[in-house]
Amino acid sequence: MVGTILFILMLIIGIYAFKTDWRVAFLASIAGIIKSFPISLMVLTSILMITYQQKTGSLDKIVVTFKKIGGGNKAFQIMIINLAIGCFLVSIGATPVTMLPPVLIAMGYSAFAAVALPAIGYDPLTTYALLAVPAEFFSYFMKDALLVSNLDKLAWIGQTALEPELLASGIAFSFYMPLVTMGIAFGMMWLGGGRKLLFSKDGLIFGLTGGIVCGGTAIIANFLGLVKLTGVIAGVVTAIALILIAKLKKIKIVDSSLLTEEEKKTDRNMPLWKALSPWILLIIFVSLINFIPYLYELFNSKLLFTIVIGEIVIDTKILSHAYFWVLIATLCSIPFLGLGNRKAKETVKLWGKRSIRPVYAAAIFFAIAYMMLYSGINIVNGSWIRYDWNYMINSLASAASYVFRDYYPLIVPFIGLFGGFISGSETSSIAMFTTFHEQTAVTLGISAVAVGTANGVGGGLASVLSPAKIQNAAAVIDKVGIEGEVIKKSAPIALLMTLSVSAICLCWANHYIWWKWIIVFGIYTILLISIGLLIYFRKEKVDESID
């Protein structure tokens, strides 16, 4: 609904205020929808995969396996299930907010914790969700700025397996990760058990381990050129680190006694490798096409499947995008999981019901972004012509640079947060605002890459505030109506983490020397400590969601 209203509003403004030819507005909107395919069709195919796994019993096996984890240690369970496994799941196209709430409920967590923890758990690496689709889109919108930023020279691998701009995009985003993942890890402890868990020995140890390892792995993975597998690798490495800590503390990693008799039967009915076969196949396929030079060049440079809409040229590159391989992985897993006629019909019916709204939401914000990009254009003698100063992006950039000047980087992550909130997607926030931020940065003479990535990270931090995501999580455990409570208690964490991104963006974008970084982060640290002390010494107990 929000996307539709905003689309109509932008259409009216574009045509009447910026004198955009109605044909250009229409064609640009269509182009935006087509350009959204890597995200909208990824949503479509990933929902198909999850629905298929649900109907074949694969998902039940996975959920039961998750339930056995942790041996009752709350800090360990929260980190490994919601941060490590959450990052892994969202990276390959699965949805933690629909998969994990039933697991947490079955493990004895409250409805609040079961909804809030999965939603915030994969926030830190949302940029690398869906096999790094957000980072890929950022590299498209910021291609020129990335190529001149010299970030692509920071990696010590060759460029045969990755486009330089995508590699530079992944590296740039990763710089924000350690601080954000750390904050989110401790935020999860707060949401899961209040100050008692947050300031407990286990809470501090597992929060620190999860945050540092997850964020640090993201940096290493991108410097190694593994942009599209960042979330997968970070999730796996974080899980290993957490398990090692748990082993040292003599915590039982897998505890089958937590299962009911019915769940034990489910656990015995299918081997784990078979249940995971769609995900295993997907990771294999994506690895092959991205790291075998011949295949990468074939799918990205030769088989382009170009579409021309007016004067907009779009290389769809269908065979290089994750959504195609999600579909292939799902089909290839049929021999392992099986699919009768009845289950096939049920899968298709439920898939259609689940996918319409999220696919539409993903597409409509890209239509808005492209309409803004091509506003002010008229068709003269068959050619598209626009005066540079007469379009939405330029007007917004001029106003923002005039009002905020050198402190513009401070508000960038909050613009991204707003975009992620209304659209429910970091990728949509990137599509809507990246060009605007780039032009503002050029006007101010600051780093376009710094402000662009800050916008994206802010959009990712909106996951726990997005009504669409929270509603999905609440619906799967029949707790619709809890959304307001979740958003209210999660908002301070999202805002605090967004503020930390603002601090980094301010220093990076303005090329501050070292002592200015110290001053900025000194102020931020004082603020953070003050908030921590307020939480610790407040008399009223915060809702402790885990008994």
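The values are calculated or read from the model by the stated rules, or taken from the named source; none is laboratory data. Quick caveat, the model's predicted, so the values are computed rather than measured. Glycine gets a Cβ as well: all are built from the backbone with ideal geometry, and neighbour counts include every protein chain shown.
Residue pairs whose Cβ atoms lie under 8 Å apart, separated by 6 or more positions or on different chains, with the first residue in region 181-210 and farther than 13 Å from GLY121 by Cβ and the second among the acidic types (Asp, Glu) and buried (at least 21 other Cβ atoms within 10 Å of the Cβ), do not occur. Before we move on, is ILE385 aliphatic (A, V, I, L, M) and either at pLDDT below 80 or over 29 Å from the mean Cα position of the chain (by Cα) (or both)? Yes; evaluated as a whole, the condition is true for this residue.
Residue pairs whose Cβ atoms lie under 6 Å apart, separated by 6 or more positions or on different chains, with the first residue in region 128-144 and under 11 Å from SER169 (Cβ atoms) and touching a residue at least 40 places away in the same chain (Cβ under 8 Å) and the second aromatic (Phe, Trp, Tyr) and part of a helix (DSSP H, G or I), are ALA135/PHE173.
Looking at LYS274, LYS317, LYS264, LYS247, just one residue is surrounded by fewer than 19 Cβ atoms within 10 Å (Cβ to Cβ) and on the phi > 0 side of the Ramachandran plot, and that residue is LYS317. Residues of region 421-467 that are under 14 Å from the mean Cα position of the chain (by Cα) and at positive phi: GLY424 alone. Using beta carbons and a limit of 6 Å, which pairs, at least six apart or on different chains, have the first residue in region 274-291 and without any contact (Cβ under 8 Å) to a residue 40 or more places away in the chain and the second one in a helix (DSSP H, G or I)? Short answer, once both residue conditions are applied: ILE289/LEU295; ILE289/PHE299. Among residues that are over 20 Å from the mean Cα position of the chain (by Cα), in a helix (DSSP H, G or I), closer than 29 Å to TYR122 by Cα and not charged (D, E, K, R), LEU410 is included. Do we find that THR217 is farther than 18 Å from GLU426 by Cα, modelled with pLDDT of 90 or more and in contact with a helix residue (DSSP H, G or I) (Cβ under 7 Å, 6 or more places away or on another chain) in this structure? In short, yes.
When you go through ASP144, ASP60 one by one, which is the residue that is acidic (Asp, Glu) and at pLDDT 85 or above? Criteria check complete, one pass: ASP60.
Whether a residue is closer than 18 Å to SER29 by Cα and assigned to a helix (DSSP H, G or I) was assessed, and ILE422 does not pass this test.
Given the conditions (1) within 16 Å of the chain's Cα centre (by Cα); (2) crowded, with 22+ Cβ neighbours inside 10 Å; (3) farther than 20 Å from LEU125 by Cβ, which single one is not true for PHE418? PHE418 satisfies every listed condition except (2).
Scanning region 300-314 for residues being farther than 27 Å from SER375 by Cβ, at pLDDT 85 or above and surrounded by 16 or more Cβ atoms within 10 Å (Cβ to Cβ) gives a total of 0. Residue under question is LYS19, and the condition is that it be in contact with a Ser or Thr (Cβ under 8 Å, 6 or more places away or on another chain) and basic (Lys, Arg); does it hold? No, not satisfied.
Scanning region 357-378 for residues that are within 20 Å of the chain's Cα centre (by Cα), β-branched (Val, Ile, Thr) and over 12 Å from LYS35 (Cα atoms) turns up just one, VAL359. Suppose we filter region 211-220 for residues that are in contact (Cβ under 8 Å) with a residue 40 or more places away in the chain and either surrounded by fewer than 24 Cβ atoms within 10 Å (Cβ to Cβ) or farther than 18 Å from ILE120 by Cβ (or both); how many remain? Total meeting the criteria: 1.
Restricting to region 343-355, and then to whatever is of a type outside the set (D, E, K, R) and more than 20 Å from the chain's Cα centre (by Cα), can you tell me which residue is nearest to THR45 (Cα to Cα)?
Result: TRP351.
Listed by first and then second residue, the pairs with beta-carbon distance under 7 Å, at least 6 apart or on different chains, first residue in region 1-19 and basic (Lys, Arg), second buried (at least 17 other Cβ atoms within 10 Å of the Cβ), are LYS19/GLY376.
Residues are listed down the side, and each one gets a yes or a no for (1) within 30 Å of LYS55 (Cβ to Cβ); (2) buried (at least 22 other Cβ atoms within 10 Å of the Cβ):
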residue: PHE199; (1), (2): no, no
residue: ASN222; (1), (2): no, yes
residue: LEU259; (1), (2): yes, no
residue: ARG268; (1), (2): yes, no
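Total residues in region 88-122 satisfying the condition of being at positive phi and either at pLDDT 75 or above or in a helix (DSSP H, G or I) (or both): the figure is 1.
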